[in-house]
Structure formats: structure tokens, C-alpha cells
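One structure is given below, encoded as C-alpha cells.
The values are calculated or read from the model by the stated rules, or taken from the named source; none is laboratory data. Here the structure is a predicted model, which is why all the values come from computation and not from measurement. Don't worry about glycine lacking a Cβ; one is built from the backbone with ideal geometry, like all the others, and counts go over all protein chains shown. The area values use the complete protein model at the heavy-atom level, side chains included, leaving out ligands, DNA and RNA. Shrake-Rupley method; radii C 1.70, N 1.55, O 1.52, S 1.80 Å.
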Amino acid sequence: MKARRAWTLGSILFNFELQNNVLDLSHYSLFAIPKAYYHPRAVALGQRSLQSNEFFDARQVLDEESDWNVVSATTLLGQFSRSNRHKEVIYLYIIMLQLNIRPNEFTFGTVIPSSTTLKDLNLGRQLHGYAIKAGLASNVFVGSAMLSLYAKLSSIEEAQRVFEDTCDPNVVSYTTLMRGYIDKSRFDDAHSIFRAMPERNVVSWNAMISGCSQKGHNEEAVNLFIEMLREGLVPDRCTFPCVIVAASNIAAIGIGRSFHACAIKYLGIVDLFVANSLISFYAKCGCMDDSLLVFNDLSDKNVVSWNALICGFAQNGRGKEATEIYNKMQSSGLKPNSVTLLGILLACNHAGLVNEGYVYFNQARLKDPDMLKPEHYSCMVDMLSRSGRFEEAEKFIRDLPFDPGIGFWKALLGGCQIHSNMELGELAAKKIMALDPEDVSSYVLLSNAHSAAERWQNVSIVRHKMTEKGLQRVPGCSWIEIQSNIHVFVTRDEKHDQSDEIYMLLWIFLKHATDSKILL
């Protein structure tokens, strides 16, 4: 028995190389040890050990006290887990086994999330096997931890089996499985789990709302939040950023304003995370004055706050204001990051400030070249192409420190369409089609470029090729909010309840515009 256990420990240690660093990883609060279970001396010892960033001798730490048991050892594991030192958690667990301390459900509820954070599925499987041998696999603490492991690192089917084997699954178990289904884009299954929960708390509501928002199901996220309020639950600081982002994605200004008022009602003071989401929300809805008002009311701004405002001005074509905010950010002593640079380059691009964009790009290239990513180079190509500076754009592509991807040639093709540069446009189109023959947008761009140059035969050739390849253009989509109701339209839409009245009014507008043009 001792030989078998020694072999198991040896295999774990062999597959688990320890490094002398502190990992910057998220804390798994779902599986926290109850405070009543803490061991005071272990807490104090753990705090002393955590003061140093360097790796420690776990056996020496454990040997400082002679009466270690599962409570004190698990408390020490929890100390290191909460400090994101997950490799040390695994090492301490191994020493714990060597000292013949039998782990309990709280031990596994701490050490399994560490293996999940470390993305070590094999280690997690070994811990699962040990929990089965110890007769603890069906415990809700162990089951919830294993659920998270398999949902994140393996298949949702394995997570489902663990859920089914768990005795009396709690809200954490349901929420973890539901989130796993959302991550796999299986919304019907996630919704079924959500509705089947014996109880739903604010965490489970937040998980469902944020999952829908992150996966693009924005209207459902908004409706879930409204349902949550109707059921009498009080949203917290984690709820509002998710639902405000969802409202911004569908440009629902009326609904978003009500969410803003709701945040003030329930939170009192709007914190940094909610405020940043509001800055972005108002910017996406074109309400830059409101966005600036939220920004100015913030006492402690971080880089995300500045980025949201700069990108907002960029999206709304207000390049001068974006450059002013960028300069203020630098004067404040806060260092811009790659998102900041991309925002200011987009602002210069949309406002036609090519020379200013060049200055910002070259400053970053000289002062902080690591900040530059392919999207920054692509933005410069787009900026030069849109302004008709094709020679500079071609040279920029030739001088790239890497092979240009499809995005660079699309940027060049877009500029060629604007300025009817068909020779260079066809070259860019050939490059795109060589990289991705099934890319519909490149055919559409090329067709539009020929159309702008009134080369109708070439337009016909391009569309014929699209038909031969079975490529279909994705119809354009737009929406409008009227009295907090979102009306969505696609090209040649006839599904709206009032489509007859809409087309009649559109015809009147077009006739009026045509008559006015004739009179002029």
C-alpha cells in the first residue's frame, strides 16, 4: 500500500514542475472553506509564509507544529489558494498525504479548483479518483469543484455525469453546470438547468445574464434582468456591467437609462466597474455628452475609463475630442495601453487626421514597441487607404515585421472602393481570395468597388463567381428603439407588423427628396 501511494505521489510530482513565482490567477470563491472551519494557528502560519514571494519548503512549514490535522492543513491550503498560489496548494496537498493526513470534502473543495486554475486536467482526474476512493465524490463540495474542472477543461458531458452523481446538488452545482452549457453555446440546456434550480440566488442570475450578454444573446440578457427584478432579487455590482453591456450592444438607450437609474437606486454610489460600462454604453448609443458626464463624475479613473471615452469619441467620428482626451490621459500620469492606442488611431482614421495618426503610431513604435499589435498596423493601412495615400499604404504593408493577414488586404480593398482604384483593388482582392476563398465580404467589397467605377460587366462576373461557389451575402441589419421597444429590420424586410405603412412612408420621403432635387 505504501509503495503504491509512493508511486502515485511520485507520478504527480514528476508531472508537476514547481516554479519560483506567484501566479496571478483568479480566486474561486464558490468553493471557499466555511469560516467556522478555519484553524487559527494555520491562518497565522499561512500569513507569515505568504509574506514572501519566493517558494517555500512546505515540509518545514508543516513541521513547525506537531499536531497538524485535516482542519489545520486544509486551512493552510485555503490561505494559499486565496492568494492565487495554486502550485503551492498542490505541493502542500502532496505533503499532507505523505504525513498520513486524510483529506476531507473541504480539502478537495480547495485543491481541485487549484488544478482547474492551473489547467491541469490530468491532475484533476487523479484528485477525482482519490476522492472516489475516499468515498467523497458524491459530496456537494467535491462534486461542485469537479463540475467546474470538467466543464472548463474537458467535456460538458463529463460535467453532467458528475452533477448526476452529486448528492443534493446546491445552487453552486446548478450554476456551475449552467455556466458550462453557456460556454459551449448550448443555451437551451443552460436555460433548462436555470429553470430547474430549486433556488436561484443573485450569483446564478448573474451567471445567466452575463453568459447571454457575452455570447451575443443581448435581448435575452435584458429580459432576464427585468425578470430578476420582478422576482424581488436585489442586483449587485456584478449584475449591472453585464446587463448594461447587453443594452449597449442593441443600442437600447431608453432601457439603458433605466438601468443606470436602477444602479443608483440599488448601489447608491456607482462604482468604477459600473461607471466604465455606462461610459461605453452612452458612447455606443451616440450620447457622448452623457458618456462624458459619467466620466467626469468618477473620482478614481483607471485605464479602462479613459479607453471607453476615447473609443466612444472615435466611434462617433469626433477625432479632435478623442485626441484631447488622449493628451489629458497622458498628462494625468496614467500610461496608455494597446487598447488606448487602437482607440486613438481609429479616432484619427474616422476624422481623417492621417498625420496625427502617424505621430501617435510612431511615438508608440519608438517608446514602447511591445504595445504594437497587428490590429494597430492594420488600422494604419486602413487610414492611409481611406485617405487615398495608396503608395504609402503599399509601402507600409511591404515593411511589416510579419506577413500581412487577410485584414490588411481588406483594409486596402476598402480604400480602393472609396477612391475607385481598381488596379490595386483587384490585387488586394486576389490576395484575400488566396488566403480565404470562401470569404464572402471580399467578393462584396470587390463588387461594390466595380460598381462605384461603373464597371458593370466586372460586377456581373464577381456576382457570378459568388453564385458558383454558393456564397450568400449576409443581409444588412438595423434596429430602432421606440418607447423602450426594439424594432429590428433586415434588407427588404417585410416581416414587421407595420411594413405596409413603413414602405408607404418611405416612398413619400423618397418622392419628396426627388421633387426637392428637381426644384433645385
Kindly evaluate F295 against the criterion of being open to solvent by less than 20 Å² (accessible area, probe 1.4 Å), in contact with a Leu (Cβ under 6 Å, 6 or more places away or on another chain) and not small (G, A, S). yes
When the residues of the stretch 79-133 are filtered to those that are at pLDDT 90 or above and not in a helix (DSSP H, G or I), which remaining residue is farthest from T176 (Cα to Cα)? R102
When residues of the stretch 469-484 are limited to those that are part of a strand (DSSP E or B) and open to solvent by 60 Å² or more (accessible area, probe 1.4 Å), the one modelled with the lowest pLDDT: W479
For residues that are crowded, with 21+ Cβ neighbours inside 10 Å and either within 27 Å of the chain's Cα centre (by Cα) or of a type in the set (A, V, I, L, M, F, W, C) (or both), tally how many sit in the stretch 343-359. 8
Can you tell me how many residues within the stretch 383-405 are open to solvent by 50 Å² or more (accessible area, probe 1.4 Å) and either closer than 29 Å to K469 by Cα or touching a strand residue (DSSP E or B) at 6+ places or on another chain (Cβ under 9 Å) (or both)? 1
Residues located in the stretch 155-174, provided they are closer than 22 Å to T239 by Cα, free of Cβ contacts under 8 Å to residues at least 40 places away in the same chain and not small (G, A, S): N170, V171, Y174
Restricting to the stretch 211-236, and then to whatever is open to solvent by 60 Å² or more (accessible area, probe 1.4 Å), under 16 Å from S258 (Cα atoms) and of a type in the set (D, E, K, R), can you tell me which residue is modelled with the highest pLDDT? R230
Being surrounded by 19 or more Cβ atoms within 10 Å (Cβ to Cβ) and of a type in the set (A, V, I, L, M, F, W, C) is the filter here, so list the residues in the stretch 98-118 that pass it. I101, F106, F108, V111, I112
Restricting to the stretch 191-202, and then to whatever is touching an Asp or Glu at 6+ places or on another chain (Cβ under 9 Å) and in a helix (DSSP H, G or I), can you tell me which residue is farthest from H260 (Cα to Cα)? H191
When residues of the stretch 238-249 are filtered for being open to solvent by less than 30 Å² (accessible area, probe 1.4 Å) and closer than 12 Å to Y282 by Cα, how many remain? 3
Failed item, numbered, when A190 is tested on (1) within 21 Å of the chain's Cα centre (by Cα); (2) of a type in the set (A, V, I, L, M, F, W, C); (3) more than 28 Å from A247 (Cβ to Cβ): (3)
Is it the case, given these coordinates, that Q330 is touching a Pro at 6+ places or on another chain (Cβ under 9 Å) and loosely packed, with under 15 Cβ neighbours inside 10 Å? yes
Out of the residues in the stretch 180-190 that are in contact with a helix residue (DSSP H, G or I) (Cβ under 8 Å, 6 or more places away or on another chain) and assigned to a loop (DSSP other than H, G, I, E, B), which is nearest to A151 (Cα to Cα)? K184
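A quick yes/no check of all residues on (1) more than 30 Å from G286 (Cβ to Cβ); (2) open to solvent by 40 Å² or more (accessible area, probe 1.4 Å); (3) out of contact with any Phe, Trp or Tyr (no Cβ under 7 Å at 6 or more places or on another chain):
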residue: W409; (1), (2), (3): yes, no, yes
residue: L412; (1), (2), (3): no, no, yes
residue: Q417; (1), (2), (3): no, yes, yes
residue: L427; (1), (2), (3): yes, yes, yes
residue: V440; (1), (2), (3): no, no, yes
residue: Y443; (1), (2), (3): yes, no, yes
residue: V462; (1), (2), (3): yes, no, no
residue: I486; (1), (2), (3): no, yes, no
Hey, A207 touching a residue at least 60 places away in the same chain (Cβ under 8 Å) and open to solvent by less than 40 Å² (accessible area, probe 1.4 Å) or not: no
Whichever residue in the stretch 267-282 is among the small types (G, A, S) and under 19 Å from the mean Cα position of the chain (by Cα) and, among such residues, is farthest from A251 (Cα to Cα): A275
Failed item in (1) aliphatic (A, V, I, L, M); (2) open to solvent by less than 50 Å² (accessible area, probe 1.4 Å); (3) more than 27 Å from N337 (Cα to Cα), with A283 passing the rest: (3)
